[in-house]
Amino acid sequence: MEEVTCTRCHTPILAGYYNTPDLVPCPSCHVPIRIDVFPAFYRGFQPGKEGEALIDDQASCFYHPQKKAVMPCDHCGRFLCALCNVELGDKHLCPTCLEAGKKKGKIVNLDRHRVLYDGTALRLALFPIIIFWLTIFTAPIAIYLSIRHWNSPMSVIGRTKVRFILAIVISSFQILAWATGIAYLVSRQ
Amino acid sequence: MDDNLKKRYKRLPGKGPRRGGFISVSLSKCKLYLSDDHILAVDSNGFSEDYKRFYFSDIEGIITRKTRRGSNWDIALALMIACSLLGALFLELESFRIISWIFSGTFLVFLVVNILRGPTCICHIITAVQEEQLPSLNRLRVARKVIGTLRPAIEKVQGKLGPEEVKEKIIHPTPSIQNPRRTRGRNHQIRHDAGTIHMIAFALLLIDGILTGINLLHHTLAIATVSSLGTVIYCIFIVVALVKQYGSDIPGTVRRIAWASVGFICVSYFLSYVLWFATIPTLMMQRPDSMMTQWDMYRTMLDLSARDSRLVMVVYAFTATCSLILGALGLVRVKEHRDRSASLSRPEQNSRGAFFSSLPGGEVRG
């Protein structure tokens, strides 16, 4: 069975210290520590499955014609052996669909990074107010970002468009203020 | 679609920056979200987000380790309040006194909030291939709550092991291939450090304490100048000592004294500002011709004697006392560590007890 190490002194900690209700001192460095362990811990690290060899006229894997198919791809329908079957949540995908889904951003669960255009637009509208003369440049950029990326994928956890709306409104007021100021200066001359 | 995404993820309590090392300023905040089959860790800096998913079927455990960060902040904030109160009570200008009271009140609010939030901790989530920190679980109360929420969700997917089954698994473990995560933990090496830099730093601190004490009783410009230079040098040595003690076998008490010295340096720096604002504006009004340049002001600061004002006496006494205590304590502890290391390196004197006490974890570390 594998063992857990203290995250401070990296000394292995025995099973008697697992799943205690309160913090217990590490037997080595005595720092209060609590280790919550789940059943997967006791199962160990299992090797990946290999495809079974094809027998008689069974269906074969699309990518490995010598191996028996066990599952169709939920996206493209191709037959997959145990090796090619990639489980993602409750879906079964082939490596090609997985790669394509990742590249095109269609599989949300594979997204590891997203740009927050709404947050960027709002910050562009708000922060330069401190140095007001910058807003003559940043206000149009904030409006452009808001319109251009209105339908772009946003945060995976879900967000409303309120930041885009606020960015457009604040930037519009800034542009209006600049237009008024410039018109006033020109009319004075 | 946003409604579906919102329903899919439920926000878990806790929020915190990802800390990257000895001194790190991270602008990204980390939060945890619970989904049907996984936990989503989101690092957001306002402009972009990074995601890490931990599926319930893969989570092997969560380690929660209590840290001293909360209590260190309590000490630091208490010292800041004390220093602000010093300024509020002893500064001569009304406006500076008001500012000092405002600072005191602000630090007091921070201190109360820090105490109410409870002790701090670091949480790590373990899977078969990684040990990942969860920065959002940085308070014990929050960590307990989140683990209480996660456990039923994880056990729903993985099932539950009763005590008898756990015993059976320990006696007859399931055969598995070597776990890649485990080897990383065991590769961590603790290197030996003789503590030479620490010794020099604490010796300089002790000398500075003696000089400040002499300055308190009998002020001369020469002593004040030497003391100032000594302060700069021991600051450098203390910072180098802090870097060197990371990942070394320097004892916990020596580490704590080094950190206390850093705290003392910060407090001294703050007190020097209090002194500056307490004396320079008044002197500038009294002798405008003699305070033309920065060098004139610095000379005037060096010329300050304990007899000149109560505030100066209090600051000198505080600085001398702390320097002497920290320097002496640090030197004694470092000497003990060096003597112990020297005795272990002599083979004919190396007993079985000494061998086991030299292993990592054989001694409390701060």
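What the phi angles of the stretch B:84-91 give under the Karplus curve with 6.51, -1.76 and 1.60, with θ = phi - 60°, is a coupling list of 5, 5, 4, x, 5, 8, 10, 5 Hz, glycine and proline written as x. Rounded if a/c is under 1.5, else prolate if a/b is larger than b/c, else oblate: which is the stretch B:78-164, with a ≥ b ≥ c the root eigenvalues of its Cα gyration tensor? In terms of gyration-tensor shape, prolate. Note on chain A: GNM, Cα springs under 10 Å; of A:Val86, A:Val70, A:Val115, the largest mean-square fluctuation is that of A:Val115.
If R0 is 56 Å, the Cβ-Cβ spacing of A:Glu87 and B:His192 corresponds to a FRET efficiency of close to 0.70.
For helix A:135-148, report the angle its Cα long axis makes with the longest principal axis of the Cα atoms of chain A; keep it between 0 and 90° and round to the nearest 10°. The angle comes out near 50 degrees. Only Cα sites of the stretch A:66-189 enter the Debye sum here, all with the same form factor; the resulting log10 I(q)/I(0) across q = 0.15, 0.19, 0.22 1/Å is -0.76, -0.96, -1.12, listed in q order. The Cα atoms of the stretch B:202-265 define a convex hull whose projected area, averaged across directions, is 4.3 nm². Placing +1 on the Cβ of every Lys and Arg and -1 on the Cβ of every Asp and Glu, with nothing else charged, gives the protein assembly as shown a dipole about its Cα centre of roughly 620 debye.
Under the combined filter of DSSP loop state and at most 11 neighbouring Cβ atoms within 10 Å, the stretch B:39-74 retains none of its trypsin sites (Lys or Arg not before Pro).
Determine how many Å³ per residue the convex hull of the Cα atoms of the protein assembly as shown encloses.
Working: hull volume 126.0 nm³, N = 555.
Looking at the protein assembly as shown, the number lands at 227 Å³ per residue.
If I build a Gaussian network model for chain A, linking alpha-carbon pairs within less than 10 angstrom, which residue out of A:Ala82, A:Ala167, A:Ala15 has the largest mean-square fluctuation? Looking only at A:Ala82, A:Ala167, A:Ala15, the largest GNM fluctuation is found for A:Ala15. Structure remark: mean-square fluctuation, Gaussian network model of chain A, C-alpha springs under 10 Å; the largest value among A:Gly158, A:Gly77, A:Gly51 belongs to A:Gly158.
Tell me the angle of helix A:95-104 to the major Cα principal axis of chain A, expressed in degrees between 0 and 90 and rounded to the nearest ten. For A:95-104 against chain A, the angle is about 10 degrees.
Read the figures in this text as sums done on the coordinates, not as results from a lab. The model shown is predicted, which means the values in this text are computed figures rather than measured ones. Methodologically, a virtual Cβ is constructed for each residue, glycine included, from the backbone with ideal geometry; neighbour enumeration extends over all protein chains shown.
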